[in-house]
Amino acid sequence: MKWFLVLVLALAAPVTLAQERSGPLRIEITEGVIEPVPIAVAPFIAENAAANDFARQITAVVSADLTGTGLFRDIPQSAYISQVTDFDAQVQYPDWRAINAEALVVGGVTLTSDGRLIAKFRLFDIFSGQPLGEGLQFAGGTDSWRRVAHKIADQVYSRITGEDGYFDSRVVYVEETGPKNDRRKRLAIMDYDGANVQFLSDNASIVLAPRFSPTGDRVLFTSYETGFPQIYELSVGTVVKRQLDVQAEGMTFAPRYAPNGRTVVYSRSDAGNTDIYKLDLGSGQRTRLTSAPSIETAPSFSPDGSRIVFESDRSGSQQIYTMSMDGGEPTRISFGQGRYGTPVWSPRGDFIAFTKQNAGRFHIGVMRTDGSQERLLTASFLDEGPTWAPNGRVLMFTRESAGADGQPALFSVDISGRNLKRVPTATAASDPAWSPLLP
Amino acid sequence: MTVSRFALTMCAALALGACTSADRFGEDAGGFGADGAGGIAGSVSDPTSPAYFNQTVGDRVLFAVDQSVLTPVSQSTLDAQALWLAQNPDYSALIEGHADEQGTREYNIALGERRAEAVRTYLVTRGVAPGRLRTISYGKERPIEVCSDESCYAQNRRSVTVLAAGAGV
């Protein structure tokens, strides 16, 4: 899919009507927003009749993306004093200020005669009385209207928070059906918000823990297709897969890409002992990185590719360690009560997310890369396997309910521990992995 | 499950030396041992039958939380398994390691492998040829009991010795 930023929309120099804040609108995510900021996502204007449905749907997705972060509240149209009927009309700041809107999103949608969808938007900082950034316009096929909406919402989010967006992204996960003692699993991929589900495998064999490549076009996963767990790489576009590190004996699992996309780290079990290896995808050369008699698994690269974080029970219980990308002496970084597993390095490099098991409960948490500032974000019967949003500010994970009818579902939470919510999926789902932001 | 049982029975009937199809070690092969297999694999009253092995000898041993240590009870079950395998050389075995749901997915795969290997190592010390034994871990993917308390977890933390026709390599 080709994305065109068709033009930057010119706007007359704003007249600042009031200055009630010292600077422009800015939300700091890390501070943990307690009260969502009221904004107005005005219904996007259909600039021709053919664009009516698209304008309505794009408005709804932009609003859902923004309010779904927990950072914003979308003021209902019924509360508006003035309606937006012309994309280029002068914004009546006092009317929006009167309903306490801190920001206003104005949009327009056109469907061209050759079937192209063009959507444009402007963002206004109401209390500063001026636009927040330039107007932008996106174009694509009609089947990409959701992506158009996500890209607009990413721009709005980014301008207000100063963080990169994460709405135009996908999630690969494991769809689960059937009873607990005969669970069927298959790989699935969807938009980050649960839309556009497609299946990437059948459910004939157990499949586990898919992981995106840094470019989002390939997926690593573990399958029992040969009868034994083995790691595979799959092309998302063609759904063609190949087995990696083929061997007659032993198991391979828990694969993840290095940031260069050409190296894979994973676990291999041999004679009951699980260690971490890396595989060069080009040459097929395998390098052993750990050689302790304990369990070493769940490796994840730092975003600069220099370090690997992993879990090991060499101390007697599951704990988190980091080591050089070439192996060598690991450094233990988890020291709290309980067991720590499934560490994942943030794409921003600032935190490591993990699963913690303590006193019969499971938690998703984050800590600094040296293990300091541990913070637990969730607690339940069984939470596990966090994955980072592309901007490193939100985590998605598996939450499984207890009992004979227990089922897994996908949940997300932001790194301040707020906005815990279920990610909609039609069936039970587990092992999410978040893609990078789409190109 | 029906398919894999059928395949296994076929292998046995044809007395193939190396029945290494995916069915033999397929993900559903566990069903053979896990269900006790009833009359599918011969009669319980026939001491040379897999049914006798599964039900009378005992095809599984259980483990404590996060452990792969074999208890005296487990060792006595495995002694009987080793004896049966010595008397029935036309079978090999796949040792499945399993974990309960109280653990993370990857760790449980590694833990299940450790349990399967503990059983394999023990059987080898009791005289079973290493070439007749393979291991696999299902981690927490194949519980047999579905409740979420210790009564079920204790049954799920197991190793199951699943017979297959063929003397191994």
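Observations, loosely collected:
- Unique residue being more than 20 Å from B:G131 (Cβ to Cβ), at pLDDT below 95 and either out of contact with any His (no Cβ under 9 Å at 6 or more places or on another chain) or not β-branched (V, I, T) (or both) when the list is B:A29, B:A41, B:A64, B:A99: B:A41
- When A:G237 is tested against (1) among the small types (G, A, S); (2) away from chain B (no Cβ under 14 Å); (3) crowded, with 19+ Cβ neighbours inside 10 Å; (4) free of Cβ contacts under 8 Å to residues at least 40 places away in the same chain, only condition (3) is not met.
- Within segment A:320-338, the set of residues being assigned to a strand (DSSP E or B) and more than 25 Å from the chain's Cα centre (by Cα) comprises A:M323, A:S324, A:G327, A:G328, A:E329, A:P330, A:T331, A:R332.
- When restricted to residues that are among the acidic types (D, E) and more than 8 Å from chain A (Cβ to nearest Cβ), segment B:103-158 contains 2.
- Among the residues of this structure, A:Q337 does not count as one that is of a type in the set (S, T, N, Q), in contact with a helix residue (DSSP H, G or I) (Cβ under 9 Å, 6 or more places away or on another chain) and touching a residue at least 12 places away in the same chain (Cβ under 8 Å).
- The residue of segment A:178-203 that is nearest to A:L234 (Cα to Cα), among those that are within 14 Å of chain B (Cβ to nearest Cβ) and assigned to a strand (DSSP E or B), is A:R186.
- Segment A:358-439 holds strands (runs of 3 or more DSSP E) entirely within its bounds, and those carrying 1 or more residues that are modelled with pLDDT of 95 or more and on the phi > 0 side of the Ramachandran plot map to A:383-388, A:428-434.
- Qualifying residue in segment A:254-265 (condition: touching a strand residue (DSSP E or B) at 6+ places or on another chain (Cβ under 8 Å), under 15 Å from B:E113 (Cβ atoms), buried (at least 23 other Cβ atoms within 10 Å of the Cβ) and in the same structural domain as A:P343 (by TED's automatic domain parsing)): yes
- The set of residues from segment A:279-301 being away from chain B (no Cβ under 14 Å), assigned to a loop (DSSP other than H, G, I, E, B) and within 26 Å of A:W388 (Cα to Cα) comprises A:L281, A:L289.
- For segment A:333-351, the criterion of a residue being more than 30 Å from A:R361 (Cα to Cα) and more than 14 Å from chain B (Cβ to nearest Cβ) is satisfied by no position.
The values are calculated or read from the model by the stated rules, or taken from the named source; none is laboratory data. Bear in mind that the values here come from a model prediction, so they are computed numbers and not experimental data. Every residue, glycine among them, receives a Cβ derived from its backbone with ideal geometry; neighbour counts consider all protein chains shown.
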